[in-house]
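These notes concern the structure reproduced below.
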Amino acid sequence: MTSPRIEAYLQRLRRELRRQFIVDPRILDEVRGHLVDAVEGARKQGDSPEADAEAMARFGSPEVVAAAFVADRTRIPHRWVLAASMVAGGAIAFVDSRPSWDDTGITAGAMLLAAATFGFLGPQRPWRWALAVGLWIPAYALVRTPAPGTLALLLVVIFPLAGAYAGRAVRYQSTVRRSPSSNGITGL
Amino acid sequence: MTAETLKGHLDLLLLAALEARPAHGYAIAEALRTRSGDAFDLPEGTLYPALHRLERAALLSSRWSEQNGRRRRVYQLTAKGRRSLAKRQGEWTAFAQAVNAVVGGSR
């Protein structure tokens with residue numbers, strides 16, 4: 001039989017998994033069954049009043065368990081996403097630096113779209129992809145015109161930041177929608 | 001033995017734990033603990049991502065089973081899983097013999 005302690009653990013695990021973009025009621029059902037069995041096993045052996053706590057300690061903290069699921073499910077290594085976002089940012093900055101190029105709107109839109117794609121692919125670290133996409137233009141401008149006023153160009157990072165977090169939000173929504181049960185916990 | 005030491009061997013251990021009969025996660029964790037003489041210091045929750053991965057790789061299959069009103073996910077080896085286990089057991093035996101020959105020989 002489940003207990004308030006087990007349910008509290010499951011709530012923490014559910015929160016931790018959702019934070020990592022994993023919404024899978026099967027995980028929580030399996031964990032609940034495991035913890036109930038473990039508590040019963042511990043009680044049979046020593047009838048310890050702390051059987052729940054011991055069972056959960058052996059199972060691992062919600063953070064550790066969620067991290068194990070993330071490590072196992074991340075299909076695209078983050079270093080590849082970082083490399084791709086740097087290449088995309090560099091390409092956008094290169095086009096933007098051409099003397100014949102005079103369309104700031106398209107540059108901003110390209111940064112936003114590129115960062116949104118990377119935010120979707122790697123929702124755990126959207127700010128990283130935003131910086132990798134957006135820092136090239138101010139960096140190039142600083143190299144060409146090293147003046148304090150050029151630092152204002154750092155504001156362009158707002159576009160990839162907005163894009164990356166929008167991509168992350170889309171990923172989160174699609175993860176929740178794909179889940180068979182959006183509350184994450186189903187009955188045993 | 002820490003989780004870091006077990007890294008890379010977990011799949012083999014899980015497949016071996018399921019060789020004799022299908023089992024649910026808690027029974028697999030118990031089998032690993034008792035058969036290893038409590039040597040494996042692994043958070044039991046970290047077995048599940050590995051079990052799910054092995055299932056995605058079609059080395060295991062699973063189904064819900066209900067006993068005394070309680071639902072449990074039971075895992076079992078597939079034919080592909082049995083072949084993979086036999087191959088990994090052979091590789092492990094060769095590896096362990098080689099390591100023993102080097103480490104044991106230095107004493």
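The values are calculated or read from the model by the stated rules, or taken from the named source; none is laboratory data. The structure displayed is predicted, hence computed values, not measured ones. With ideal geometry, Cβ positions are generated from the backbone for all residues, glycine too; neighbour counts draw on all protein chains shown. We work out accessible area using only protein heavy atoms, side chains counted, and drop any ligands, DNA or RNA first. Shrake-Rupley method; radii C 1.70, N 1.55, O 1.52, S 1.80 Å.
For the range A:131-139, 3J(HN,Hα) computed residue by residue from phi via the Karplus equation (6.51, -1.76, 1.60; θ = phi - 60°) reads 5, 5, 7, x, 7, 5, 5, x, 5 Hz, glycine and proline entered as x. Comparing the full protein assembly with the isolated chain, the residues of the range B:59-73 losing at least 50 square angstrom of accessible surface (1.4 Å probe) are B:64, B:70, B:71. Near residue B:24, the amide H atoms lying under 5 Å from its own belong to B:75; only residues 5 or more places off or on other chains count, and H is placed 1.01 Å from N. Heavy-atom accessible area buried between chains B and A is around 2000 Å² (1.4 Å probe, both sides summed).
Carbon-plus-sulfur fraction of the accessible area of chain A, 1.4 Å probe, in percent? Carbon and sulfur together cover 64 percent of it.
Rounded to the nearest 20 debye, the dipole size of the range A:74-175 about its Cα centre is 460 debye, using +1 on the Cβ of Lys and Arg and -1 on the Cβ of Asp and Glu.
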